[in-house]
Amino acid sequence: MYVTRRELSLRVQPVKLAVSIAAGIWLGFLAVLLTVWLVYKALPAEQPQALNNAAAQLTAPPAAKARPESDNSMFDQYRQILRDSEARQAQEAEQADRQRSFNGPKCQFWMQQNQTAPSEKSRAAIYQFCG
């Protein structure tokens with residue numbers, strides 16, 4: 001038994017389709033609006049007042065925040081942090097230079113000389129080349 005398939009041909013006019021979609025959107029908007037209104041009316045008397053207060057707070061511009069005692073204090077704090085950072089960087093650079101001088105060939109030579117045959121000359125050279 002064979003079932004023959006029949007094709008259903010529909011012709012939709014674009015204008016009717018656009019009007020139908022627009023009407024559906026409009027009716028959906030009205031349904032949502034009506035639902036919100038019914039829920040608002042069904043709430044106890046205190047709830048709408050709380051909702052009105054919340055809405056007023058959301059729509060009101062935010063109040064200006066209190067400013068610190070002075071803008072200069074923030075700038076002074078920034079300058080202090082900057083000075084501390086520069087001092088720390090200078091200290092690190094000096095330490096790196098000292099470490100490099102200890103690793104230098106002249107310093108290593110005079111350290112070895114001072115270990116094998118300590119003398120005033122080798123100690124003076126260590127102070128000169130090793131810092």
* What is the spin-label model distance, in nm, from Gln57 to Asn72 if the labels are put 7 Å beyond Cα along the C-beta direction? -> 3.8
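Based on alpha-carbon atoms only, what is the radius of gyration of the stretch 13-58 relative to the globular estimate 2.2 N^0.38 Å?
So the Cα radius of gyration is 1.80 times the expected 2.2 N^0.38 Å.
Using the C-alpha atoms of the chain, what convex hull volume per residue, in cubic angstrom, is computed?
Roughly 632 Å³ of hull volume per residue.
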* To do: Just subtract the alpha-carbon distance of Tyr40 and Glu120 from 0.36 nm times their residue separation and send over the number in nm, one decimal.
  => 19.0 nm
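Every number here is computed from the coordinates shown, using simple stated rules; none is lab data. Only a predicted model underlies this, so the values are computations on that prediction, with no experimental measurement involved. Cβ: placed from backbone, ideal geometry, glycine included. Neighbour counts: every protein chain shown.
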